[in-house]
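The structure's right below; bear with me while I get my questions together.
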Amino acid sequence: SSYKRLKDRSKRVRHGVTLQGKLLSEPSCNDTFLEGDLIQYINGTNMSVEHLADVLSEKTGSSSWVVVFKALVTVHHLMVHGNERFIQHLASRNSLFTLHNFLDKSVIEGYTMSTFIRRYSRYLNEKSLAYRLIASDITKTKRGMDGMMRTMDTKQLLNTLPVIQTQFDALLNFNANPDELTNGIIHAAFMLLFKDSLRLFAAYNEGILNLLDKYFDMRKNQCKESLDIYIKFLERTTTLAQFLNVAQVQQSICIQGFSAGFCISPAAGITVPPHPVTTAQTQKLLVVLTIL
């Protein structure tokens with residue numbers, strides 16, 4: 001019966017998550033994360049979503065950086081590839097991960113990995129909070145002229161863009177150098193962050209373009225707020241370039257949804273098309289503020 005299949009899958013999931021902590025002492029990603037089972041499991045019932053979230057949350061209470069990091073990567077994977085009910089449930093929780101003081105002193109590698117665990121958990125917290133505030137995963141929203149960010153009104157943009165900026169800051173704060181991606185776990189986390197960064201920036205970019213289109217029709221206080229958001233966007237574009245260089249992309253990747261495309265390559269790094277308002281033209285916006 002369907003109930004029996006769900007029950008059997010639940011046992012495999014519990015066993016698989018337990019194996020991560022008890023049997024896998026080496027920071028390798030050769031082990032099976034049971035991702036297929038996990039995704040199918042959360043497609044079952046709301047109860048299975050809550051149960052899986054509880055199990056993974058419990059694993060982040062371990063003192064081992066291996067167990068904690070794998071649990072976080074699994075949570076991130078399910079946020080991205082699992083049923084939307086999973087991230088909805090996480091967003092409904094009063095608190096998600098409280099790992100800001102996490103430190104594994106048992107092994108030398110634990111010191112370095114603990115730093116990235118603290119940063120990674122903060123990003124997942126911000127991703128969950130952003131879902132609660134925006135009521136959607138911004139990395140999965142429709143792009144283009146009829147997409148979510150391009151069709152928002154001024155008030156929605158001024159409320160949404162700061163949320164995206166906060167999530168984006170948490171992602172870029174992971175700040176790993178190529179020589180620090182020393183094991184399969186941190187590499188898996190970085191690749192998930194890498195994919196999120198492209199999708200998040202695509203939405204961010206479209207929101208900024210929409211904001212600039214509306215700039216000269218705004219009230220003075222809205223113009224001030226918009227200009228601040230735009231300047232912060234330019235700063236984050238530079239930081240994103242540094243983040244993506246770490247990925248050492250082997251082939252060109254183009255993200256659709258920009259006015260002139262958005263590409264990164266191993267030779268050229270990251271190139272962002274010129275925005276309707278350049279850095280020099282920012283001064284003109286300041287002038288507009290003085291005469292409004």
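State whether the residues of the range 185-202 include one that is over 30 Å from W65 (Cβ atoms) and of a type outside the set (S, T, N, Q). Step through it out loud before you land on a result.
Start the filter on the range 185-202 by keeping residues that are over 30 Å from W65 (Cβ atoms), which leaves 202.
Those left that are additionally of a type outside the set (S, T, N, Q): 202.
So far as the range 185-202 goes, yes, one or more of its residues are over 30 Å from W65 (Cβ atoms) and of a type outside the set (S, T, N, Q).
So in the range 115-144, with the set limited to residues that are small (G, A, S) and outside any helix (DSSP H, G or I), which one is surrounded by the fewest Cβ atoms within 10 Å (Cβ to Cβ)?
This residue is A135.
Just to verify a result, which residue in the range 46-82, among those that are of a type in the set (S, T, N, Q) and within 26 Å of I138 (Cα to Cα), is surrounded by the most Cβ atoms within 10 Å (Cβ to Cβ)?
By that ranking, first place goes to T74.
Does the range 145-164 hold any residues that are in a helix (DSSP H, G or I) and either among the aliphatic types (A, V, I, L, M) or open to solvent by less than 10 Å² (accessible area, probe 1.4 Å) (or both), and which are they? Walk me through how you get there before you give the answer.
Taking the range 145-164 as the starting set, the residues that turn out to be in a helix (DSSP H, G or I) are 154-164.
Answer for the range 145-164, where residues must be in a helix (DSSP H, G or I) and either among the aliphatic types (A, V, I, L, M) or open to solvent by less than 10 Å² (accessible area, probe 1.4 Å) (or both): L157, L158, L161, V163, I164.
Right, here's the next one. From S64, S25, S48, S57, which residue is more than 23 Å from the chain's Cα centre (by Cα), within 21 Å of F190 (Cα to Cα) and modelled with pLDDT of 65 or more?
S64
List every residue pair whose Cβ atoms lie under 7 Å apart, where the two residues are 6 or more positions apart in sequence or sit on different chains, the first residue falls within the range 159-170 and is among the hydrophobic types (A, V, I, L, M, F, W, C), and the second residue, located anywhere, is open to solvent by 50 Å² or more (accessible area, probe 1.4 Å) and assigned to a helix (DSSP H, G or I).
Close Cβ pairs (under 7 Å, with a partner that is open to solvent by 50 Å² or more (accessible area, probe 1.4 Å) and assigned to a helix (DSSP H, G or I)) amount to V163/L133; A170/R122.
How many of the residues making up the range 90-114 are part of a helix (DSSP H, G or I) and either among the hydrophobic types (A, V, I, L, M, F, W, C) or open to solvent by less than 40 Å² (accessible area, probe 1.4 Å) (or both)?
6
A further question follows. Answer with yes or no whether V80 is among the hydrophobic types (A, V, I, L, M, F, W, C), within 12 Å of the chain's Cα centre (by Cα) and modelled with pLDDT under 95.
Details: among the hydrophobic types (A, V, I, L, M, F, W, C): yes; within 12 Å of the chain's Cα centre (by Cα): yes; modelled with pLDDT under 95: yes.
So V80 passes the test.
Under the condition of being open to solvent by 50 Å² or more (accessible area, probe 1.4 Å) and under 10 Å from the mean Cα position of the chain (by Cα), which residue from the range 174-207 is farthest from K232 (Cα to Cα)?
Ranking the qualifying residues of the range 174-207, first place goes to K195.
Then there is this: Going residue by residue through the range 167-189, is there one that turns out to be closer than 24 Å to K59 by Cα, among the small types (G, A, S) and in a loop (DSSP other than H, G, I, E, B)?
For the range 167-189, residues closer than 24 Å to K59 by Cα, among the small types (G, A, S) and in a loop (DSSP other than H, G, I, E, B): present.
The values are calculated or read from the model by the stated rules, or taken from the named source; none is laboratory data. Only a predicted model underlies this, so the values are computations on that prediction, with no experimental measurement involved. Glycine gets a Cβ as well: all are built from the backbone with ideal geometry, and neighbour counts include every protein chain shown. In case anyone asks, the SASA skips ligands and DNA or RNA and just uses the protein heavy atoms, side chains included. Shrake-Rupley method; radii C 1.70, N 1.55, O 1.52, S 1.80 Å.
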